[in-house]
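No lab work stands behind these numbers, since they all come straight from the coordinates. Here the structure is a predicted model, which is why all the values come from computation and not from measurement. As a convention, Cβ positions derive from the backbone with ideal geometry for all residues, glycine included, and neighbour counts pool all protein chains shown.
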Amino acid sequence: MSALGRAGTLGFAAVAALSAWLALRDLDLPGLYYDEAIQAVPAAEFLREGGHPLQIPGAKNVWLGGGWFPVLTQPYMGALKSQLLIPIFASFGASVAVLRATTFVWGLAGCLFAMLFAARLLGAPVAVAMAALLALDPSFLFVSRHDWGSFSLGLVCRCAGLWLVAVGLSRRAPTWLAAAGLALGLGLYNKIDLAPVIVATAGALVLCQPRAAIRALRERSGELAAFAAGLAVGAAPLVAAGLRGAAAVGSVAGDLRLAADLPEKLSTWRALLDGSYFHRLMLAGGSFEALPDVQGAASGVFGPALGASVLVLGSCLVVRRPWQARERALAFALASLGLGVAGLLLLPRAVRIHHVLNVTPFPQLVVAAAAVELWRVGAKRPGAVAGAALRGLAAMGLAAVVAGQLWVDLRTLAEIRASGGRGRWSDALVRWAPKLAADPAAAVVSLDWGFDAPLRFVAPRLELREPYWHLLGPARAGMRLEGTPRTVYLVALPRFQVFDLGQELLAAVARLPEGAAVVRTHADRSGEPAFLSVHIARPHRLVYRERLEVELE
């Protein structure tokens, strides 16, 4: 932390404490989202006697030390998060609060590494301002706390890699560069969508230091080889999936043309910049598809501040030619931001907040750098009105952005407490789980996405089945599921459904004699329906003969 100094260290401690005060309240709310739980379940199951491996398509596990050790969550997402959760759960227990506190702490660790990187690049004042903008940003705060897409661990790997590269290049130290490569390689193993960001940052470095890049190829091949070796080692488990992983990505992505998902990408970027994304997601009940129709709390400040900051830094670079070290660092920050945004826009199906957040910390770095540059320019004319105006503009601009972020943070927390989460985020499922688990003969069949992983995490001893993964397409024609009066079928509401199997079951039980089945609506804390459960009163089987039928015994 020497690059930060005492004031910088205290500054980070203050913003981290404020961020933690916001994020670590009501950790049991909202309900546990499927993608939060999907990498927590393998860690908990590895520790549980008689635990089961993750069995969604593309998952890979190996028998190790008396349990199923997770290797891949999906072909494009490694199980690094699951692996690191194992010692955490072993020490503190596998609970929703422990899971969310852990991922948020990882997010703060990523923020710290981003700050160390910024201090190396542009000095402690920029680093402190950037840390405040990042740690209080609503997208960072809530996506770290609820961490779907393994964002927070990816941020740690990405920002640690950037800092280690900066240290390694300045010290000409192969060991540091090998560690940098390993951190970024682990980031790739964590999730493959880090690749365009690595390429963008490397491209920005070459653009801003072309002669140094050519000289490095000639004179520093050993250091580059150390970096490449670390990168290869870190990413090795994911690379081993090879073409199988690429094929899986293509099979689930659908239409890979840029125009097909550009509107959703642009909507996501707008919501990222105004801070409204997670609040809107809460109001939409976790339905990403419904986000364009929902108006959430927005600060409306960071986006304009980022645009103005790009203009300020661009003007500084034009005026200050030829560039010195600081100007090259500013150019690198701008180029990394621009190339990173372009890379993520071009990446097929990178349409959600956990994808576009891979551009951090560069948006916050650019805004912080512009504010500090304005302050520095104004400080050179301490007695002039223009100098005072520039310093005031820098200070008020940063204060306005932070105030807007805090307002959105508090509005989002208020919505979470009021509803307990809606739809796919509702805590109704978690609240109902103990009643289900109290019946040792109960069996739960999830007929849509969103139920199985949360239940597996909070009630691991329940008999759980998730058949729809194996009943897609032509495979449904051979469907045959046995059930008893203790079997509970979980069905998503139409506006939250991913697959249609649950709706087919509702149509099938509607054709049964009166009293043969009971359909129950489960509501969130505000009284809105969250999901449905179906009980069939007699032993039965579900079969598919052109349509789903319930055969009673």
- Using only Cα atoms, locate the centre of the range 297-319 and the centre of the range 109-188, then give the distance between them in Å, rounded to an integer. 22
- Selected from S144, I86, A14, residue furthest toward positive end of dipole (the chain; charges at beta carbon): A14
- Query: Ranking I416, I56, I88 by Cβ neighbours within 10 Å, fewest first, what do you get?
  - Reply: I56, I88, I416
- Sorted by average packing, counted as other Cβ atoms within 10 angstrom per residue and highest first, what order do 176-185, 482-491 take? 176-185, 482-491
- Task: Sort 308-317, 214-223 for me by packing, meaning the mean count of neighbouring Cβ atoms within 10 Å per residue, highest on top.
- Result: 308-317, 214-223
- Message: Using the crude model of +1 on Lys and Arg Cβ and -1 on Asp and Glu Cβ, and no other charge, please compute the dipole size for the chain relative to its Cα centre, in debye to 20.
- Response: 1960
- Item | Matching label, percent of Cα pairs over 36 Å apart computed from the structure shown, candidates [x] 44; [y] 26; [z] 37 | [z]
- Item | Packing-based ranking, highest mean first, of 445-451, 39-45 given that Cβ atoms within 10 Å are counted | 39-45, 445-451
- Task: Using the number of other C-beta atoms within 10 angstrom as an exposure proxy, rank K81, K435, K265 with the fewest first.
- Result: K435, K265, K81
- the range 426-552: Cα Rg divided by the 2.2 N^0.38 Å rule of thumb: 1.01
- Query: Contour minus end-to-end for A20 and A308, with contour as 0.36 nm per residue of separation and end-to-end as the Cα-Cα distance?
  - Reply: 100.7 nm
- Among V165, V498, A232, flag the residue with its Cα farthest along the positive direction of the charge dipole of the chain, charges on Cβ as +1 for Lys/Arg and -1 for Asp/Glu. V165
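Hey, got the dipole for the range 426-552? About the Cα centre, +1 on K and R Cβ, -1 on D and E Cβ, debye to the nearest 20?
Rounded to the nearest 20 debye, it is 200 debye.
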- Compute the Cα gyration tensor for the range 190-235, then decide on rounded, prolate or oblate, letting a ≥ b ≥ c be the square roots of its eigenvalues: rounded whenever a/c is under 1.5, prolate when a/b is larger than b/c in the other cases, and oblate in all that remain. oblate
- Task: Would you calculate, for the chain, the mean residue ellipticity at 222 nm contributed by helices, counting each DSSP H stretch of 4 or more residues as -39,500 (n - 2.57) and dividing by all residues, to the nearest 500?
- Result: -19500 deg cm²/dmol
- Query: Of G478, P440, A428, which is farthest on the positive side of the dipole of the range 426-552, counting Cα position, with +1 on Lys and Arg Cβ, -1 on Asp and Glu Cβ, and the Cα centre as origin?
  - Reply: P440
- Percent relative contact order of the chain, based on C-alpha pairs within less than 8 angstrom and at least six residues apart? 15
- Query: Between rounded, prolate and oblate, where does the range 463-515 land on the alpha carbon gyration tensor, with a ≥ b ≥ c its root eigenvalues, rounded for a/c under 1.5, else prolate if a/b exceeds b/c?
  - Reply: rounded
